[in-house]
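Every number here is computed from the coordinates shown, using simple stated rules; none is lab data. Here the structure is a predicted model, which means the values were calculated and not measured. In this analysis, Cβ positions are derived from the backbone assuming ideal geometry, glycine residues included, and neighbour counts consider all displayed protein chains.
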Amino acid sequence: MADAEAARPPPRPPTGIPPTRIPHDAKPDATHGTVLQVERHDYTDLAPADRARAQSLRGFDECYTDIVDYIVRCTHRIWDERDVGLIYTHYTHNSVVYGPLGAVYDRETIVRDTIAKLAEMPERRGMATQVIWRGNDVDGFYTSHLVTGSGRHTEYGSFGKPTGRTFVARTIADCMIFENRIFREWVVRDNMALFVQLGLDCDAHATQAAQAMFDKGMTVVEISENRRILGQMPPDTAADLSIAHGDTEATVLGWLHEIYNKRMFGKMREIYAPNVMWHGTRMRELYGQAAALAQTIKLVAMMPDAVLLPQHICSVDCEEGGEKVAVRWILDGHHLGYGVLGAPSGRRICVLGFTHFHIVDGKIVDEWVVYDEMSMLTQIKLGDLAA
């Protein structure tokens, strides 16, 4: 009996874990320094055939050597090698996938949606750009996976008649993983980049999507609480640092609060390197402080009453020097300003987005921002229908 007890695996984490992150005091695995990183490496390095396991991965398939290998390799196997059935062994039956316009609450829908996307764009390939992570195999892992997808629109599907055009678009997926299975995921693809490159009618597609949501009884996408102004009080004087795991993450949260919520845009001249690279929506690649500053102001100008609500943050040391930091956030406000979405409509907009920073010597040298402007346009159309 004693031998049988000893052979049992350790108990699973308690079910009371907050839905937005692994336990706050969960530590990265002790072999953190040996875990693979994406930058400067080819796929054959990231998913090796003969590498010994470099990190404790209790309950994971034997082919995975560390958490970065896991998320890169299983994504490649499902999407690029077309082994869609691996979803059954890599997602829980009740997994929840949160997107910019709603959520999926079961594994079978994930399988069906994946097949539909592959059928519409059979030449699509997704290249891992970077993975920022936290956790261990006892408390669970959290990964933030930036993918650059490319391909050609050759088949009928949700985008309508095939255009034959090529595309490149970025996606970020944040996953909570325990014993080989993803049980929660937040994913956003830059669909506006896709639509523009394919020459599709963004306005018509947004209207169609809004009508489908309206027919189901939806009148607004409400995924947050805008606490920008309580009564007659100004924005909070300090950032909420409760989700930070260290000094760098606390500093980044303070920067975001200063810039987005207190509107102190001049802060960007202090924290961005003069030669910063900004990688943004619609695959824009911009250079320098002035460019990054202009893009930030343009986003806030469209939603001038918005508040930025960070939901999760994690970080890793970077092989190229410094640290990589991943933030998942919601921007919540109303369409009260001019911009890429047209004239102000006054409609409520909730934006689910992600930012990856590369920080060296206290300065941001690279920033990747992914959110879906098509989902914002759809919310405006939904507000019109509700009105």
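With both bridge residues required to lie in the chain, what share of the DSSP beta bridges run antiparallel, to the nearest 5%?
Numbers: 67 of 75 bridges.
In the chain, approximately 90 percent of DSSP beta bridges are antiparallel ones.
Run the dipole for the chain about the Cα centre, Lys and Arg Cβ at +1, Asp and Glu Cβ at -1, nothing else charged, and hand back the magnitude in debye, nearest 20. Provide the component values of the computation, followed by the final result.
Details: 40 positive and 51 negative charges, 204 e Å.
Dipole about the Cα centre, nearest 20: 980 debye.
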Handout entry: Of 299, 241, 172, farthest towards positive along the dipole that unit charges on Lys, Arg, Asp, Glu beta carbons give region 141-300
Key = 299
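Please report 141, 354, 159, 195 as a ranked list, fewest other C-beta atoms within 10 angstrom at the top and most at the bottom. Intermediate results must be reported in sequence, preceding the final value.
Values: 141 28, 354 25, 159 17, 195 22.
So the residues, fewest neighbours to most, are 159, 195, 354, 141.
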Handout entry: Positive-pole candidate from 72, 46, 353, dipole of the chain, charges at beta carbon
Key = 353
Exercise for the section: Would you work out the relative contact order for the chain, in percent, from Cα pairs under 8 angstrom that are 6 or more residues apart? Expected result: 14 percent
Completion exercise
Computed ³J(HN,Hα) along region 364-376: with the Karplus parameters 6.51/-1.76/1.60, θ = phi - 60°, integer Hz and x for glycine or proline, the list is 7, 9, 9, 9, 10, 10, 10, 8, 10, 5, 5, 5, 5
Problem - Under 23 Å, Cα to Cα: Lys pairs in the chain, sequence gap 8 or more or different chains - result: 13
Exercise for the section: Evaluate the relative contact order of region 15-189 (contact order divided by residue number), counting alpha-carbon pairs under 8 angstrom at least 6 apart; express in whole percent. Expected result: 22 percent
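Report, for region 247-386, the % of DSSP beta bridges that are antiparallel, rounded to 5. All intermediate terms of the calculation are to be shown ahead of the outcome.
Working: 32 of 36 bridges.
Percentage antiparallel, nearest 5: 90.
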Exercise for the section: Would you tally the net charge around residue 310, using a Cβ to Cβ cut-off of less than 9 Å, leaving residue 310 out, and scoring K and R as +1, D and E as -1? Expected result: 0
Practice task
Could you give the size of the charge dipole of region 247-386 about its Cα centre, using +1 on the Cβ of each K and R and -1 on the Cβ of each D and E, expressed in debye and rounded to the nearest 20?
Solution key: 700 debye
Practice task
Run the numbers on region 132-218 and let me know its relative contact order in percent, using alpha-carbon pairs under 8 Å that are six or more apart.
Solution key: 23 percent
Completion exercise
Per principal axis, largest first, the Cα atoms of region 247-386 extend in Å by 50, 27, 27
Handout entry: Sum of side-chain charges, residue 369 neighbourhood, beta-carbon under 10 Å (Lys, Arg +1; Asp, Glu -1)
Key = 0
Exercise for the section: List 268, 127, 303 from most exposed to least, where exposure is judged by having the fewest other Cβ atoms within 10 Å. Expected result: 127, 268, 303
Practice task
Take the Cα radius of gyration of region 268-323 and divide it by 2.2 N^0.38 Å, with N its residue count; two decimals is plenty.
Solution key: 1.34
Handout entry: Fewest-first ranking of 46, 118, using other Cβ atoms within 10 Å as the exposure measure
Key = 118, 46
Practice task
Determine by what factor the alpha-carbon radius of gyration of the chain differs from 2.2 N^0.38 Å, reporting the quotient.
Solution key: 1.00
Completion exercise
The distance between the Cα centres of region 101-146 and region 36-83, in whole Å, is 14 Å
